[in-house]
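Below is one structure, written out as structure tokens; comments come after it.
The values are calculated or read from the model by the stated rules, or taken from the named source; none is laboratory data. Keep in mind that what you see is a predicted model, and the values were worked out from it rather than measured. Because the Cβ atoms are built from the backbone with ideal geometry, glycine has one as well, and the counts that use them run over all protein chains shown. Note: areas computed on protein heavy atoms with side chains; ligands, DNA, RNA excluded. Shrake-Rupley method; radii C 1.70, N 1.55, O 1.52, S 1.80 Å.
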Amino acid sequence: MAAVTQLLFLYSKDDEQVKWKIPRLLFSIRDKLLLSFVIFIMLPILITVMVYYEASKELLVHEINQTNAEVLGKITDRMNTTAERIVKASHLIVNDPDIVDLIRNDRDIEINDYSTLQKFMGVNRKITNIRDFLLESEAYVAVFDFKGHMYATWTSRNAARSYQEFQKEFWFQQAQTAQGTPNWQVAYTNSIENDYVPQRTQLLVMTRLIKSDAGTGQGIVFIGVPIQAVLPEFSAREDRTDPAPAASSQLFLQLDGSLMLGSKDVFDHLSLDALDQNTTEKAGYLINKSVVKQLGWELIRATPQQPFTGQLQALRNKSILWLTLLCLFFCVVFILVMLKLIQPIKILHRSMVKVGNGDFTSIADIRGNDEIAMLGHKFNAMVLNLRKLIERLSEEQRRKEEARFQALQAQVKPHFLFNTLNSIKWTARLSGAEHVSQMITSLGKLLSYAMNHDREVTILKEELDFLQSYVNLQNVRFNNEVSLDIRVPEELLASSFLKFTLQPLVENSIIHGHRSPLRITIEAYTERGDLLIVVKDNGIGSPQRPPSEPVEDQRLTSSKFSGIGLNNINDRLKMHFGEAYGLTFERGETEGVAVTVRIPCLRGDSQHDKGTDR
């Protein structure tokens, strides 16, 4: 009961609380493999043994049944032969003129009459000769007339009393009504007075009426053969009424469902009177049936199956026992091997759980070269790559936050200026200084665009308008020596663009161009689905190295006005669009620097927002 309880419930203590859980059986590989071993190996072997046993039993029963049928056939033939001899003997007696003349004599036999005595003795000799010639010596032959005389092959001490005893037998009365037809019965030797014949000896008795020429009955022929002489298989116990069925083979003679010879208890127990032609087994017995044609009786042999199936069943039980022990042994071996195979899977599972909980330092220590070991090595490599990816994403996130912080700083600085310049603008307009008002208006647009940080993405046209305002303000400083030439096709002006990408490039050209007048050209075109914007000038060239250089101390410095370095712009583009995008630099042999911005070619702000989610 405890084992069943453990199987049905598992418990674990957590904070002094007992939690009962129903086990999830057959969810582990171990349970599935063990169940598969039982179903697909043990069970088929057990079924094979049982099928082999049943097939062997059926074959054995068939062979024994066939043998019994052959034996019963020989017994039936012997009975038919004996019955034929008895009938022939009765024919000789019935048709013998001396016998017929003697029993037809109306007067009593007088022993003192020599001629009559000679006839009497002659009849006895003929009966004895007929018995010795056609029948066995232990057969009993007698002729009875209806005047109280008996002519027999045995010596009777009191013939008159013996005659009276025979008259009481059922067969005697039945023979008188059979009109000369042989009448067969099983009788006993109680009425035969012979010192050499044991009493209650079973006899196969045939009686027949001796008729005159007129058809009237004049006597009866009696022929009795001991059953043991006809059926040696019968013994004294066949007639015994045992309380239980006998353990050995049983022979039965029946006529129209009535038992003529055999154990009545066994006959009734097996209900042999209700047998049909197809009955072969009944109540643990093999049943064989044959018809004795001369008698019209049925001879039945009932053989118990237990003596020959018991040994086969014992062999089956022994085989099942050894098979069970072997299966248990191999189950233990299988479980040990299975546990050794599953152990690496458990180690891998524990590592997966730790990684799932955020512990990327967990490594599955699995040795070997099998599939599980290869899976463990691949898992370890995946965890290592995932750890590197997380570190890289963390670094990119840090750099992105730094870029946003720098952009926020660049926004905070002009915020106060925008409010102040707006007041100065209206003061200059009221004072009649219109050009000053226009300058302040351009500066206000620039600052308004710079402070609009609710959207990080704009369209290319807005970015170019912002650059135009920025160059207008720079021309106040440089006395209109800076010109901005925008050569962007109309269909590309609606392309999505990252804010504050071109302004640091234009500012870098103004600061480092060192040429007057300075001409800045902006061109745009598409290439294999990408938007390329080229910012170039006719200055003396930038002394800085391009950002693709791997040396850290050669990175580009930040511009003086924006506070946003060119390297920051390059990093922003890569973070938004991927490593394939960013800035590239080209220097002319004599003058100028060309900076190319490569980003995906997208339409509208919303489309660009989708592109930045990569």
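Compute the whole-percent fraction of alpha carbon pairs in the stretch 53-92 spaced more than 14 Å apart. Percent of Cα pairs beyond 14 Å in the stretch 53-92: 63. Residue 38 exposes around 60 Å² of accessible area when a 1.4 Å probe is run over every protein chain in place. Label separation (residue 315 vs residue 178): 4.9 nm, computed from points 7 Å beyond Cα along the C-beta direction.
Counting Lys and Arg as +1 and Asp and Glu as -1 over every other residue whose Cβ lies under 13 Å from the Cβ of residue 72, the net charge comes to 0. For residue 271, the solvent-accessible surface with a 1.4 Å probe is about 50 Å², rounded to the nearest 10. For the cross-link pairs 32/378; 388/499; 74/289; 88/289; 354/378, the ones whose C-alpha atoms lie over 23 Å apart are 32/378; 388/499; 88/289. A simple spin-label model places the labels of residue 159 and residue 528 14.3 nm from each other, with each point 7 Å out along Cα-to-Cβ. When its C-alpha radius of gyration is set against 2.2 N^0.38 Å (N residues), the stretch 456-544 gives a value of 1.10.
Annotation: amide H-H contacts under 5 Å for residue 261 (H modelled 1.01 Å from N, sequence separation of 5 or more, or interchain): 253.
Shown are 61, 353, whose ranking by accessible area with a 1.4 Å probe and every protein chain present, most to least, is 353, 61.
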